Amino acid sequence: MCQEKMVNQRDSSEVYAIQTGPVSLVYSPLRRISALVNRAAVRELSRFVSTPRLRGSGDSIDGLWREIQESEPVFPPQCAGPVQPAFLGLIPTRRCNGDCRYCDFGAGRAQPGRMDFRTATAAVDWMAETVGRGGGHHLDVHFFGGEPLIEPEVVEVAVHRARLVAGQNGLTARFETATNGVIGEELAGFIGDYFHSVVLSMDGFPTIHNRHRPLADGRGSFEAAGRTAAIIGGGSASLCLRCCVSDQNVDSLPEIAAWFAETFQPSIVNFEPLQSGPDSQAAGLFPPDPLRFARGFLEATRVLEGAGIEAAYGALASDGPRYTSCPLGRDVVIVSPDGRLAGCYQLEERWRERGLDLSLGEIRDGEVRIEQKSVERLRQLVLDKPRCRNCFCRWECAGSCHLAVTYPGSPPVYTDFCVQTRLILACQALQALGRPEIADQLLGDPENVARLAHSPSDRLEDWACD
């Protein structure tokens, strides 16, 4: 919904060369070019970058080089002008009825309290007015927590208000929520009927799910989550099952995928690696090995695709090149229970610890007050990520989370998160070219995995340094 400032320029540095074994992948997401060539051809292409040749020399790679030279790289749009949020985020409460072993939202330490109805309606009214003024067509409202659905009255007030003002402004209201699924059947039915999308956390078979995600009273949460998934799956909402992957369930991803498909028939299954923290470590849960995660995800993807279900990995869940893979930099406005506005739904103390100011303003006396200079600060934040500059994933992963992965001062070397993302994107590109067997060979060869995972630069012009 941002006013788009398109950036177009001819730049051969946005072409990458990735070793995948006996053949290499020439990849330019900004040109939508992917090709498999041998290593000698890549070396020849890399020389062309510094020594342009006349067309028509007749060798086997001349056509590919001409395509690279003649195609304009189309950079993603950048937000400009007055704030135009991709969506409005509401946090009805920071509290939760669960006690997940890997939670990093501070729900267990959250103070009692919920969003005031006046704050919710003021935010929705402002969003509808902003969307209409910007020429948009959809009033998108997302709910975050804690567990947002333990405050159903706030959610219902916001939903009904949004439907009302959307109709008055010629907009279509769309709703999405994240939830642990531990809610009553009546509320689950309401969510299934009124919401466009529901992201429900389910970490696999009951035993591992209950270990990952116990309730605050110590009981398992799987029974309630499974019941809610079945109800929502029977409604009009798109059901996305979000599976947190730890070292405990990483080797079962294909079996989990098959079971999800048969039991719940979701639209999407999203596999996300556990982010390590003191609570998860104390519980004996650790992030999965990057290679094991990549292998499991690839196998699970094939299982799900066979059932007509989309497999997602958040860092690469995108329809095209982008500068950011999270709300930051997309003008998203997140409303905390007390009316503070920010570009991120994480706790303010977390982003302050990283040296970041992600605040945007506040809602006071029913009035939304946004500081344009804060909007511009967040727009610029997503453009400078030193670790990503030479990585072929930079336009899809876009540095992932600004708190966990690409925070200011983060190490320049690739993290485990980076490694698994690089492996997965390379395999997805190979499969898109109709060569899944090369993807399998890549993940089965430790030497090639190490070379691909840790290459300091994937840029075509740096190939000679490889």
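The values are calculated or read from the model by the stated rules, or taken from the named source; none is laboratory data. Fair warning: this is a prediction, and the values are worked out from it, not measured in the lab. As a convention, Cβ positions derive from the backbone with ideal geometry for all residues, glycine included, and neighbour counts pool all protein chains shown.
Given (1) outside any helix (DSSP H, G or I); (2) at pLDDT below 95, where does Gly108 come up short, assuming only one miss? So the condition that Gly108 fails would be (1). Among the numbered conditions (1) without any contact (Cβ under 8 Å) to a residue 60 or more places away in the chain; (2) in a helix (DSSP H, G or I), tell me where Leu403 comes up short. Exception for Leu403: condition (2).
Beta carbons closer than 9 Å, at least 6 apart along the sequence or on distinct chains, pair a first residue in the stretch 246-265 that is assigned by TED's automatic domain parsing to the domain that holds Gly284 and under 18 Å from Leu200 (Cα atoms) with a second that is surrounded by 15 or more Cβ atoms within 10 Å (Cβ to Cβ) and of a type in the set (S, T, N, Q) for Ser246/Ser280; Ile256/Asn249; Ala257/Thr301.
Looking only at the stretch 259-284, count how many residues are over 19 Å from the mean Cα position of the chain (by Cα), surrounded by 21 or more Cβ atoms within 10 Å (Cβ to Cβ) and at pLDDT 95 or above.
In the first step, residues of the stretch 259-284 are kept if they are over 19 Å from the mean Cα position of the chain (by Cα); the result is 259-265, 277-284.
Going one step further and asking which of them are surrounded by 21 or more Cβ atoms within 10 Å (Cβ to Cβ), we end up with 260, 280.
Restricting the remaining residues to those that are at pLDDT 95 or above gives 260.
Residues in the stretch 259-284 being over 19 Å from the mean Cα position of the chain (by Cα), surrounded by 21 or more Cβ atoms within 10 Å (Cβ to Cβ) and at pLDDT 95 or above: 1 in total.
Would you please name the residue that is farthest from Ala122 (Cα to Cα), looking only at residues in the stretch 314-337 that are modelled with pLDDT of 95 or more and out of contact with any Ser or Thr (no Cβ under 8 Å at 6 or more places or on another chain)?
To start, the set of residues in the stretch 314-337 that are modelled with pLDDT of 95 or more comprises 331-337.
Next, from what is left, pick out any that are out of contact with any Ser or Thr (no Cβ under 8 Å at 6 or more places or on another chain): 331-334, 336.
Details: Asp331: 18, Val332: 16, Val333: 13, Ile334: 13, Ser336: 13 Å.
Among those residues, the one meeting the criterion is Asp331.
Look at (1) within 25 Å of the chain's Cα centre (by Cα); (2) farther than 18 Å from Asn270 by Cα and you find that Thr177 fails only one, number (2).
The residue that is nearest to Asp116 (Cα to Cα), among those in the stretch 357-374 that are surrounded by fewer than 22 Cβ atoms within 10 Å (Cβ to Cβ) and within 22 Å of the chain's Cα centre (by Cα), is Ser359.
Considering only residues of the stretch 406-432 that are part of a loop (DSSP other than H, G, I, E, B) and of a type in the set (Gly, Ala, Ser), which is surrounded by the most Cβ atoms within 10 Å (Cβ to Cβ)?
In the first step, residues of the stretch 406-432 are kept if they are part of a loop (DSSP other than H, G, I, E, B); the result is 406-415.
Next cut, of a type in the set (Gly, Ala, Ser) only: 409-410.
Working: Gly409: 7, Ser410: 17.
If we take residues in the stretch 406-432 being part of a loop (DSSP other than H, G, I, E, B) and of a type in the set (Gly, Ala, Ser), then Ser410 is surrounded by the most Cβ atoms within 10 Å (Cβ to Cβ).
Listed here are the residues, each with its yes/no results for (1) over 22 Å from Cys326 (Cα atoms); (2) modelled with pLDDT of 95 or more; (3) of a type outside the set (Lys, Arg); (4) within 21 Å of the chain's Cα centre (by Cα).
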site	(1), (2), (3), (4)
Asp104	no, no, yes, yes
Arg118	yes, yes, no, no
Val141	no, yes, yes, yes
Phe144	no, yes, yes, yes
Glu156	yes, yes, yes, no
Val159	yes, yes, yes, no
Arg163	yes, yes, no, no
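Within the stretch 433-466, which residues are part of a loop (DSSP other than H, G, I, E, B) and at pLDDT below 90? Matches in the stretch 433-466: Ser455, Pro456, Asp466.
Touching a His at 6+ places or on another chain (Cβ under 8 Å) and outside the structural domain of His402 (by TED's automatic domain parsing) - does that describe any residue in the stretch 210-221? Can you show your working first?
If we filter the stretch 210-221 for residues that are touching a His at 6+ places or on another chain (Cβ under 8 Å), which is where we start, we get 220-221.
Among the residues that remain, those that are also outside the structural domain of His402 (by TED's automatic domain parsing) are: 220-221.
Yes, some residue in the stretch 210-221 is touching a His at 6+ places or on another chain (Cβ under 8 Å) and outside the structural domain of His402 (by TED's automatic domain parsing).
Within the stretch 214-243, being farther than 17 Å from Glu262 by Cα, crowded, with 17+ Cβ neighbours inside 10 Å and out of contact with any helix residue (DSSP H, G or I) (no Cβ under 6 Å at 6 or more places or on another chain) holds for Pro214, Leu215, Ser221, Ala224.
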